[in-house]
Amino acid sequence: KVKDAKGKQRWLDHVERFRRKKPAYEQCKIYDMEGQLLCYCDQKKLAWYLKKKIAKQMPGEKDAVQLLFKHRSADQQSGESFYLESKANTCVACGEDRNFLKYHVIPKCYRQNFPLNLKSHRSHDIVLLCVRCHQIAAEAVERTKKEISEETGVPLNVHVDSNGRMREWTELKQAYKSAMTLASKTGLPRKRQAQLKSAIAEALGLTGGADDVDDSRVAEVISMSKSRGARKVVKELLAAMPPGEAERARAVCEGRESGQYLHGRMVVERLVGERGDDALLGLIVRFREAFVRALDPKFLPRSWSVEHDAKREFGDRSVYNEKNA
């Protein structure tokens, strides 16, 4: 019973850590010049339109604005009904109305590398899930990522070492452990320090062995992980370095693209090179299908669809319009 109680408390702590602390949807409205509803949004978006003086408060409605310019609606035609629906603050899978968080149906590691017309201001593939359903969906998406990795030949957890070589995490894991030990434990015997530094040098292909491994190298290796603990250790290492050295090390640590984000970029570049945007549209549908199979969601918006058109155009006032670049 004690064990069960501890397990329950750990779960409750996990839920409290990750759940949203306020509603995701604020049900604010944007109307066009003719008074037709365009979409729902949040208070931040309303404030942006009012600050830019391109919208006015909608008469008779508290959380609504009316645009003062002709809105381009071509980008909404195919999925207009979806953006006209108000979204409930509930898990789209099981309907739980608390302890939820946002879930990206299309993993960020791929989506961030999409062209703007496939990712900007597209909320169709961002849904709410309770913490438990979020875990189920995350497990399913990892399986899909592994399939994509096998099909494309792009490792799922890939890194570029100091010599520009592409390396899988399995090759660098021991070096990472050694670097974390060096950074987090004080008073290590010199012999042990030398052993740990030698392991790092061997993994990175440094010809000078342990002598080539200083704090900047240790920080470089640790920065290959994007975990909260790793980021904290890197920050502490950089803070203890002389300013010039810290600046150079920070540039290396923060400038590195690694792990699944590097995998995502390589996959997107390969797909676009082979079949253009059509390949990305296929990737989007694939992840939507995996999401639906994993959860069989019962509370999605009525017009949410696996085949929803992901493309959009940008109006003349949009910061994403190439004419305004």
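Hey, can you grab everything whose amide H is under 5 Å from the amide H of Arg167? Only 5+ residues off in sequence or another chain; H modelled, so Pro and N-termini drop out.
His159, Val160, Asp161
If you keep only loop residues by DSSP, which GluC sites (Glu not before Pro) in the range 182-269 have at most 13 other Cβ atoms within 10 Å of their Cβ? Numbers along the way, then the final one.
Working: sites: Glu202, Glu220, Glu236, Glu245, Glu247, Glu254, Glu257, Glu269; in loops: Glu257.
Passing sites in the range 182-269 are Glu257.
Could you calculate the FRET efficiency of Glu150 with Asp277 from 1/(1 + (r/R0)^6), where r is the beta carbon distance between them and R0 is 25 Å, rounded to 0.05?
Once the sixth-power term is evaluated, E becomes 0.60.
Ratio of Rg to Rh for the chain, alpha carbon only, Kirkwood?
When Rh is taken as the Kirkwood radius, the ratio is 1.04.
By how many nm would the segment from Lys53 to Gln135 grow when fully extended, if each residue of separation counts as 0.36 nm and the alpha-carbon distance is taken off? Mind showing how you got there, number by number?
Details: separation 82, 0.36 × 82 = 29.52 nm, distance 4.24 nm.
Length gained, Lys53 through Gln135: 25.3 nm.
How large is the accessible surface per residue of the chain, computed with a 1.4 Å probe and reported in Å² as a whole number?
Here the residues of the chain average 58 Å² of exposed surface.
Assuming 0.36 nm per residue, please report the length gained on full extension of the stretch Asp309 to Glu61 beyond their Cα-Cα distance. Show your work: numbers first, answer last.
Values: separation 248, 0.36 × 248 = 89.28 nm, distance 3.10 nm.
Here the answer is 86.2 nm.
What do you reckon, how do Ser223, Ser184 stack up by accessible area (1.4 Å probe), largest on top?
The ordering from most to least exposed comes out as Ser184, Ser223.
Specify which residue in the list Val268, Asn89, Gly153 is farthest towards the positive end of the charge dipole of the chain, using unit charges on the beta carbon of Lys, Arg (+1) and Asp, Glu (-1), about the Cα centre.
The residue sitting farthest along the positive end of the dipole is Asn89.
Please find the FRET efficiency linking Lys226 to Glu168, where r is the Cβ-Cβ separation and R0 is fixed at 25 Å, and quote it to the nearest 0.05. Please list the in-between numbers first.
Working: r = 16 Å, r/R0 = 0.64.
Efficiency, rounded to the nearest 0.05: 0.95.
Name the residues whose placed amide hydrogens come within less than 5 Å of the amide hydrogen of Met58, ignoring near sequence neighbours (fewer than 5 apart) on the same chain.
Correct list: Ala64, Val65, Gln66.
Exceeding 29 Å between C-alpha atoms, which entries from my cross-link table qualify? They are Lys145/Lys177; Lys102/Lys185; Lys44/Lys102; Lys70/Lys119; Lys146/Lys226; Lys21/Lys226.
Details: Lys145/Lys177 25 Å; Lys102/Lys185 37 Å; Lys44/Lys102 17 Å; Lys70/Lys119 23 Å; Lys146/Lys226 19 Å; Lys21/Lys226 24 Å.
From the list (Lys145/Lys177; Lys102/Lys185; Lys44/Lys102; Lys70/Lys119; Lys146/Lys226; Lys21/Lys226), the Cα-Cα distance tops 29 Å for Lys102/Lys185.
Using a simple spin-label model with points 7 Å from Cα along the Cα→Cβ vector, what separation in nm is obtained for Arg190 and Leu116?
5.9 nm
Leaving out ligands, DNA and RNA, and with a 1.4 Å probe, what % of the accessible surface on the chain is carbon or sulfur? Intermediate values should be presented prior to the final figure.
On the way: 9300 of 18940 Å².
Here carbon and sulfur together make up 49 percent of the probe-accessible area.
So what's the back-of-envelope 222 nm ellipticity for the chain, counting only DSSP H runs of four-plus at -39500 (n - 2.57) apiece and dividing by all residues, rounded to 500?
Calculated mean residue ellipticity at 222 nm is -15500 deg cm²/dmol.
What is the calculated FRET efficiency for Val285 to Lys22, with r their C-beta to C-beta distance and R₀ = 45 Å, to the nearest 0.05?
Here the calculated transfer efficiency is 0.90.
When the chain is fully extended, how far beyond the present Cα-Cα distance does Ile126 get from Gln36, taking 0.36 nm per residue of separation?
Numbers: separation 90, 0.36 × 90 = 32.40 nm, distance 2.46 nm.
Result for the pair: 29.9 nm of gain on full extension.
The values are calculated or read from the model by the stated rules, or taken from the named source; none is laboratory data. Fair warning: this is a prediction, and the values are worked out from it, not measured in the lab. Every residue, glycine among them, receives a Cβ derived from its backbone with ideal geometry; neighbour counts consider all protein chains shown. Each accessible area value is taken on the protein alone, full model and side chains, heavy atoms only, with ligands, DNA and RNA left out. Shrake-Rupley method; radii C 1.70, N 1.55, O 1.52, S 1.80 Å.
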